[in-house]
Amino acid sequence: MKKAFPPLINMHSEILILGTMPGEKSLELNEYYGNRGNQFWKIVFTMFDTPLSHNYNEKKEILINHNIALWDVLALCERIGSLDSKILNEVPNNFDEFYKMHPNIRYVFFSSKNAAAYYDKYIGRRENIYYDILPSPSGANATKSYLEKLEIWKEKILPLVK
């Protein structure tokens, strides 16, 4: 079984970005969105008009400084490779406990349609939280260009950042 990372969050976080499960490269590096082919960090740094850094501490810091949390819907799964379509025997994270510990979360953005589908299947949406799906930052997602993804992420997230 592959095991997800703990949430990247602080007590002021109001925005939560949820992926499905870390891919192989992320698990190997022990870093969220560790595959350089994934555009997540490029989108985040560009969104906040900051030069892209490959230092993981700086990556985490840019999210925490903007009260954005990061986590995955699944805690455990079996999967060969990194594709969500290969996930088997999945176990969701404990969101009841998570929301009790982090009551400031008001906005949940899924970084893929698959993350939203697993969340809906195992957790369900809460009335006091706004939910939306962002275009997947995965390099495998060729339905939108990087610039199209960036614009949608900026349009949906920036107005919520304090």
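Key figures for this structure:
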quantity: Lys, Arg +1 and Asp, Glu -1 on Cβ, resulting dipole of the chain about Cα centre, debye, nearest 20; calculated: 120 debye
quantity: Sulfur and carbon atoms: percent of accessible area, the chain [1.4 Å]; calculated: 50 percent
quantity: Loop-located GluC sites (Glu not before Pro) in the stretch 70-162, at most 14 other Cβ atoms within 10 Å (DSSP); calculated: 127
quantity: The chain - accessible surface per residue (Å², probe 1.4 Å); calculated: 53 Å²
quantity: Gaussian network model of the chain, Cα within-10 Å springs - most flexible of 91, 73, 108; calculated: 91
quantity: Helix-only mean residue ellipticity at 222 nm for the chain, each DSSP H run of n ≥ 4 adding -39500 (n - 2.57), per residue, nearest 500; calculated: -9000 deg cm²/dmol
quantity: Within straight-line cross-link reach of residue 100, aspartates and glutamates at Cα separation under 20 Å, skipping those fewer than 8 residues along the same chain; calculated: 14, 72, 120, 127
quantity: Anisotropy class of the stretch 1-62 from Cα gyration tensor, a/c 1.5 cut; calculated: oblate
quantity: Sequence-distant lysines (8 or more away, or on other chains) whose Cα lies within less than 17 Å of residue 144; calculated: 42, 113, 154, 156
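The values are calculated or read from the model by the stated rules, or taken from the named source; none is laboratory data. All values derive from a computational prediction rather than experimental measurement. Virtual Cβ from ideal backbone geometry, glycine too; neighbours counted across all protein chains shown. Just the protein is used for accessible areas: all its heavy atoms, side chains included, with ligands, DNA and RNA removed. Shrake-Rupley method; radii C 1.70, N 1.55, O 1.52, S 1.80 Å.
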